[in-house]
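The values are calculated or read from the model by the stated rules, or taken from the named source; none is laboratory data. Remember, it's a predicted structure, so these values are computed and weren't measured experimentally. In this analysis, Cβ positions are derived from the backbone assuming ideal geometry, glycine residues included, and neighbour counts consider all displayed protein chains. Please note that ligands, DNA and RNA were not included when accessible areas were found on the heavy atoms of the full protein model with its side chains. Shrake-Rupley method; radii C 1.70, N 1.55, O 1.52, S 1.80 Å.
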Amino acid sequence: AQSVTQLDSHVSVSEGTPVLLRCNYSSSYSPSLFWYVQHPNKGLQLLLKYTSAATLVKGINGFEAEFKKSETSFHLTKPSAHMSDAAEYFCVVSESSYKLIFGSGTRLLVRP
Amino acid sequence: SQTIHQWPATLVQPVGSPLSLECTVEGTSNPNLYWYRQAAGRGLQLLFYSVGIGQISSEVPQNLSASRPQDRQFILSSKKLLLSDSGFYLCAWDSEHEQYFGPGTRLTVT
């Protein structure tokens, strides 16, 4: 069975500094991986996805993630945090066309 | 373009009362539709999915049911709410293995 682990429940960075949100996955075959962002009391928005093409995936709002099969990781990064990036981020692995497995989320706090 | 609507946005209901949450999708036909629940401080749990009118699959046993009376309408219901039904309910549809989420309904059962 597939699973995903987000290693940090909270991450705090200063505005203008890099962001790193960590995610490890478990899958018996080549997975599809996603990062979603959720602002307070809002639905989820897709940031980026990996589907066995390029291992470095670029998403919206300057975010990117690198698929590392040897490390079973899919960490999300951004070179410079903005105040508007403060939100909850979910790493997701796709078990099938119908089923997404969500991590428990990482709350990103951006300090001015 | 496709849009997804959910209502109501917030709801406070007493224990034992019925529930009906509605989700509609515009701009696409025959979408796969999903209901998720997000408990406080946790990830999303898939409750139901539907691949067509009248076709509902349940992922977890629970106090809730779902129906799809029309192609672009997905309803989440309960006959008697429990305190544990409180949470943030999200509807989603998918296209090419990407899921797109509605704005959600925050349900508080008192």
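Is it fair to say A:S70 is open to solvent by 40 Å² or more (accessible area, probe 1.4 Å), over 20 Å from B:L90 (Cβ atoms) and polar (S, T, N, Q)? Here the answer is yes, as A:S70 does meet what is asked. Count of the stretch B:1-35 residues, restricted to those that are open to solvent by less than 40 Å² (accessible area, probe 1.4 Å), within 11 Å of the chain's Cα centre (by Cα) and in contact (Cβ under 8 Å) with a residue 60 or more places away in the chain, is 5. The one condition from (1) of a type in the set (S, T, N, Q); (2) without any contact (Cβ under 8 Å) to a residue 24 or more places away in the chain; (3) within 13 Å of chain A (Cβ to nearest Cβ) that B:Q70 does not meet is (3).
Number of residues in the stretch A:55-98 that are touching an Asp or Glu at 6+ places or on another chain (Cβ under 8 Å), without any contact (Cβ under 8 Å) to a residue 60 or more places away in the chain and of a type outside the set (S, T, Y) equals 7. Taken over the stretch B:41-62, residues that are hydrophobic (A, V, I, L, M, F, W, C), away from chain A (no Cβ under 11 Å) and either touching a residue at least 40 places away in the same chain (Cβ under 8 Å) or open to solvent by less than 70 Å² (accessible area, probe 1.4 Å) (or both) amount to 3. Per the conditions (1) free of Cβ contacts under 8 Å to residues at least 40 places away in the same chain; (2) within 12 Å of chain B (Cβ to nearest Cβ); (3) of a type in the set (A, V, I, L, M, F, W, C), the sole criterion not satisfied by A:L44 is (1). Residues of the stretch A:74-83 that are closer than 17 Å to A:W35 by Cα and surrounded by fewer than 18 Cβ atoms within 10 Å (Cβ to Cβ): A:T77, A:P79.
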